[in-house]
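Structure first, then comments.
The values are calculated or read from the model by the stated rules, or taken from the named source; none is laboratory data. This one's a predicted model, so the numbers in the text were calculated from it and none came from an experiment. Please note: Cβ atoms are built from the backbone with ideal geometry, for glycine as well, and neighbour counts cover all protein chains shown.
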Amino acid sequence: MVSFASMLSESLAQAETLSGNAAVTPDTARPWMLKDANFKPKAKHVIFLFMNGGISQVDSFDPKPMLTKFDGKPMPGGDLGHERKTGALMKSPFAFKQYGKSGIELSELWPNLGDCVDDMCMVRSVYTEIPNHEPALIMMNTGANVIGRPSMGSWLTYGLGTDNRNLPGFVILCPQVPTTVGPPLWSSAFLPPVTQATYVSTDVRDKNFDPYKLIPDIHNDRFDIKQQRHELDLVHKLDELNMAETQADPQLEATIGSMETAYRMQTEAPDVFDVRKESAATIKMYGEGSTARGCLTAARLIERGVRMVQVYYSQGDPWDAHQDIQAHRKNAKDSDQPFAALIKDLKAHGLFDETIIVCGSEFGRTPVVELGGAGTHAGRDHNPHGFTMWLAGGGIKGGMTYGATDDFGWKVVDKPVHVHDIHATILYLMGIEHTKLTYRSSGRDFRLTDVSGNVIHDIIA
């Protein structure tokens, strides 16, 4: 039997051959790669900015004048059947204005993103099935409503490999773990364990930003790199002996894979995660806070060849504004400047055109006020029927909107986009035919888009 180390080396070698235009050449070992000779993958990397908890589309990216006009009036059609008790229509307390040459309207919460709106595509017609955080989060990240499927980053790493042998192919950045669901959102599930994400904290309470404290055990005080290499080589030999006697053990392979990744990370991770080396101008551009740190780190990881980076806002459901939508002010203040800085930084480093930035949350929020619970009644309930996500870079048309919700921002009425469609489009831009990127498990061929998904060609440049 072949050892995990050999398989890993072979996998990495194959991944290296897929850099540049090689990814679109016929490859019998990778039947999921698009074979159209006229098509060249438009992106190599993905950054997913995740506002976990459910951002309100009608208070951020989807202006509704009729919501203002009929503020305080009953929603036409009667009870919308929400999770919680709701009342009349509630106008947005935030003013909207046009930005850029495209004239796209954003709320006052996003002035910095407004400067970048001509690089962005606002998809205002996204929908999902279940209005609870857990299944909606799992759907957005894994293409299923239940735990147990591989995450999008794992599918990308499985399909394309990694461009940097010294760093993981898929990285999660969040101040604390877990978010509402936690690690299953970035699990490799039944895919090879090497495709699972590596979680790194972006907690800013440690003002020293020491990467050796940020990444536990990244430095070995007892053995130098050469001695560790000898130790790993011994483990590999023992692994080969074990494989010759028994069947493959996925847990053993995952452990050895983690050891290999940790060994290689020692040479590069401390540098890429050390924000202290950034210029004062760069730090000022991104601003302060964990989201700023996450966005800056994401840019540097992409620059080093990491396939996908996901930046979560924080632990729990911080965008879940049931009681008072004014809570969005702080969240947006923490996010607006870093999101815009990420776009500008990638453009300055020549990486914007090869990196897909996708931003959103698990669902949106209702146009009516929520009445349940105690305290201020100025919040909104969950809304899976119509919400906004925005994309930029990596072959996405800038300065456009796509699709629409009704006059009040409740349901999609034009060009509906399911989460599977978002996933299919991202895979397509990376050079992958989403219906062919499959993996057989428990007698079935699984894929990220399940049995659905359509590429949104209208938003592709």
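Among the residues of the stretch 377-421, those identified as part of a loop (DSSP other than H, G, I, E, B) and more than 18 Å from M75 (Cβ to Cβ) are G393, G394, G395, K397, G398, G399, G403, K415, P416. A residue that is out of contact with any Asp or Glu (no Cβ under 9 Å at 6 or more places or on another chain) and at positive phi occurs nowhere in the stretch 406-417. Kindly indicate whether any position in the stretch 188-196 is β-branched (V, I, T), buried (at least 24 other Cβ atoms within 10 Å of the Cβ) and touching a helix residue (DSSP H, G or I) at 6+ places or on another chain (Cβ under 6 Å). Yes: the stretch 188-196 contains one or more residues that are β-branched (V, I, T), buried (at least 24 other Cβ atoms within 10 Å of the Cβ) and touching a helix residue (DSSP H, G or I) at 6+ places or on another chain (Cβ under 6 Å).
Per the listing K397, K436, the residue uniquely modelled with pLDDT of 95 or more, surrounded by fewer than 22 Cβ atoms within 10 Å (Cβ to Cβ) and either in contact with a helix residue (DSSP H, G or I) (Cβ under 7 Å, 6 or more places away or on another chain) or of a type in the set (F, W, Y) (or both) is K397. Selection within the stretch 344-360: residues that are more than 20 Å from D406 (Cα to Cα) and not hydrophobic (A, V, I, L, M, F, W, C). The member of this set that is surrounded by the fewest Cβ atoms within 10 Å (Cβ to Cβ) is G350. For first residues located in the stretch 108-120 and in contact (Cβ under 8 Å) with a residue 12 or more places away in the chain and assigned to a helix (DSSP H, G or I), partners that are crowded, with 23+ Cβ neighbours inside 10 Å and charged (D, E, K, R) and lie 6+ apart or on another chain with Cβ distances below 9 Å do not occur.
The numbered conditions (1) surrounded by 15 or more Cβ atoms within 10 Å (Cβ to Cβ); (2) part of a loop (DSSP other than H, G, I, E, B); (3) modelled with pLDDT under 95 are all true for A248 except (1). One residue stands out among those in the stretch 315-333 that are under 18 Å from the mean Cα position of the chain (by Cα) and at negative phi: the one that is surrounded by the fewest Cβ atoms within 10 Å (Cβ to Cβ), which is Q315. Is it true that some residue in the stretch 171-181 is polar (S, T, N, Q), within 18 Å of G53 (Cα to Cα) and in a loop (DSSP other than H, G, I, E, B)? The answer is yes, given that some residue of the stretch 171-181 is polar (S, T, N, Q), within 18 Å of G53 (Cα to Cα) and in a loop (DSSP other than H, G, I, E, B). Considered as a group, the residues in the stretch 68-95 that are surrounded by 22 or more Cβ atoms within 10 Å (Cβ to Cβ) and not polar (S, T, N, Q) include one that is farthest from L173 (Cα to Cα), and that residue is L89.
Is it the case that P168 is modelled with pLDDT of 85 or more and in a helix (DSSP H, G or I)? The answer is no for P168.
For I147, the conditions (1) under 30 Å from V368 (Cβ atoms); (2) touching an Asp or Glu at 6+ places or on another chain (Cβ under 9 Å); (3) surrounded by fewer than 20 Cβ atoms within 10 Å (Cβ to Cβ) are fulfilled apart from (1).
Screening F190 on (1) aromatic (F, W, Y); (2) closer than 16 Å to L301 by Cα; (3) in a loop (DSSP other than H, G, I, E, B) shows it passes everything except condition (2). Condition check: touching a helix residue (DSSP H, G or I) at 6+ places or on another chain (Cβ under 8 Å), crowded, with 19+ Cβ neighbours inside 10 Å and of a type outside the set (F, W, Y). Does S102 satisfy that? No, not satisfied.
With a requirement of 3 or more residues that are of a type in the set (D, E) and at pLDDT 95 or above, the helices (runs of 4 or more DSSP H) lying completely within the stretch 253-349 that satisfy it span 328-348.
Conditions (1) touching a Pro at 6+ places or on another chain (Cβ under 8 Å); (2) farther than 17 Å from S361 by Cβ; (3) of a type outside the set (A, V, I, L, M, F, W, C), marked per residue:
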| site | (1), (2), (3) |
| --- | --- |
| S125 | yes, no, yes |
| P131 | yes, no, yes |
| P135 | no, no, yes |
| T142 | yes, no, yes |
| G148 | yes, yes, yes |
| W155 | no, yes, no |
| D163 | no, yes, yes |
| V171 | no, yes, no |
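Show the residue pairs that are 6+ apart or on different chains and have beta-carbon atoms under 9 Å apart, the first residue being within the stretch 324-337 and farther than 17 Å from Y286 by Cβ, the second being part of a helix (DSSP H, G or I). As it stands, the answer is I325/D59; H328/D59, since those pairs meet every condition given.
Conditions (1) within 17 Å of the chain's Cα centre (by Cα); (2) closer than 25 Å to E433 by Cα; (3) part of a helix (DSSP H, G or I), marked per residue:
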{"residue": "T68", "(1), (2), (3)": "no, no, yes"}
{"residue": "P76", "(1), (2), (3)": "no, no, no"}
{"residue": "H82", "(1), (2), (3)": "no, no, no"}
{"residue": "G87", "(1), (2), (3)": "no, no, no"}
{"residue": "P93", "(1), (2), (3)": "no, no, no"}
{"residue": "K97", "(1), (2), (3)": "no, no, no"}
{"residue": "P131", "(1), (2), (3)": "no, no, no"}
{"residue": "N141", "(1), (2), (3)": "yes, yes, yes"}
{"residue": "N164", "(1), (2), (3)": "no, yes, no"}
